[in-house]
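K.L.:
I'd like to ask some things about the structure below.
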Amino acid sequence: MPVAQICLNTPLPHLDHPFEYRIPEELAEDAQFGVRVRVPFGARRRAMDAIVTGVSETASYPGRLQRLKTVVSPVRVLDPEVWRLVGAVADRQAGTRADVLR
């Protein structure tokens with residue numbers, strides 16, 4: 001099952017790193033780089049907004065991965081060049097990637 005790397009839409013700096021989620025078969029066609037998704041997060045598995053920032057066939061996390069909940073829209077709102085720029089600006093300004101995206 002493919003794996004999505006996502007960026008959570010949160011201003012919290014300790015959550016400013018990629019998280020991995022399994023992509024269910026029914027969402028595989030739409031869950032591509034740059035699309036908005038909702039994922040279960042935390043102990044309560046509360047639904048949070050995120051953006052897919054990568055897709056791969058294997059996970060780097062050795063444990064069990066949660067599944068993407070939904071694809072909000074299959075329309076791509078982010079491309080790889082802009083994502084690299086977001087990372088550079090966030091690093092330079094000591095901000096989070098989610099803040100730069102907003």
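K.L.:
Which of the residues belonging to the range 77-100 are in a loop (DSSP other than H, G, I, E, B) and either in contact (Cβ under 8 Å) with a residue 40 or more places away in the chain or in contact with a Gly (Cβ under 6 Å, 6 or more places away or on another chain) (or both)? Before you say what the answer is, go through the steps one by one.
P.N.:
First, pick out the residues of the range 77-100 that are in a loop (DSSP other than H, G, I, E, B): 77-79, 94-96.
Residues satisfying the conditions are V77, L78, D79, T96.
K.L.:
Let me ask something additional. Among the residues of the range 69-86, which ones are surrounded by 14 or more Cβ atoms within 10 Å (Cβ to Cβ), in contact with a Lys or Arg (Cβ under 8 Å, 6 or more places away or on another chain) and farther than 17 Å from Y21 by Cα?
P.N.:
Scanning the range 69-86 gives a single hit, V86.
K.L.:
Is the range 56-68 home to any residue that is open to solvent by less than 100 Å² (accessible area, probe 1.4 Å) and within 21 Å of P11 (Cα to Cα)?
P.N.:
For the range 56-68, residues open to solvent by less than 100 Å² (accessible area, probe 1.4 Å) and within 21 Å of P11 (Cα to Cα): present.
K.L.:
Given the criteria of a type in the set (S, T, N, Q) and either under 11 Å from T70 (Cα atoms) or in contact with a strand residue (DSSP E or B) (Cβ under 6 Å, 6 or more places away or on another chain) (or both), does Q5 qualify?
P.N.:
yes
K.L.:
Continuing with the same structure: Please go through the range 28-55 and give me each residue that is assigned to a loop (DSSP other than H, G, I, E, B) and either in contact with a strand residue (DSSP E or B) (Cβ under 6 Å, 6 or more places away or on another chain) or open to solvent by 80 Å² or more (accessible area, probe 1.4 Å) (or both), ordered by number.
P.N.:
Listed by number, the residues that qualify are E29, D30, A31, Q32, F33, V35, A43, R44, R45.
K.L.:
Hey, could you check the range 56-73 for residues that are in a loop (DSSP other than H, G, I, E, B) and either among the basic types (K, R) or at positive phi (or both) and say which is modelled with the highest pLDDT?
P.N.:
K69
K.L.:
Among the numbered conditions (1) touching a residue at least 40 places away in the same chain (Cβ under 8 Å); (2) over 15 Å from M1 (Cβ atoms); (3) within 12 Å of the chain's Cα centre (by Cα), tell me where V55 comes up short.
P.N.:
Unmet condition: (2).
K.L.:
Restricting attention to the range 17-27, does a residue exist that is closer than 19 Å to D79 by Cα, in contact (Cβ under 8 Å) with a residue 60 or more places away in the chain and open to solvent by less than 70 Å² (accessible area, probe 1.4 Å)?
P.N.:
No, the range 17-27 contains no residue that is closer than 19 Å to D79 by Cα, in contact (Cβ under 8 Å) with a residue 60 or more places away in the chain and open to solvent by less than 70 Å² (accessible area, probe 1.4 Å).
The values are calculated or read from the model by the stated rules, or taken from the named source; none is laboratory data. None of these values were measured; they are calculated from a predicted model. Here the Cβ is made from the backbone with ideal geometry for all residues, glycine too, and neighbour counts use every protein chain on show. We work out accessible area using only protein heavy atoms, side chains counted, and drop any ligands, DNA or RNA first. Shrake-Rupley method; radii C 1.70, N 1.55, O 1.52, S 1.80 Å.
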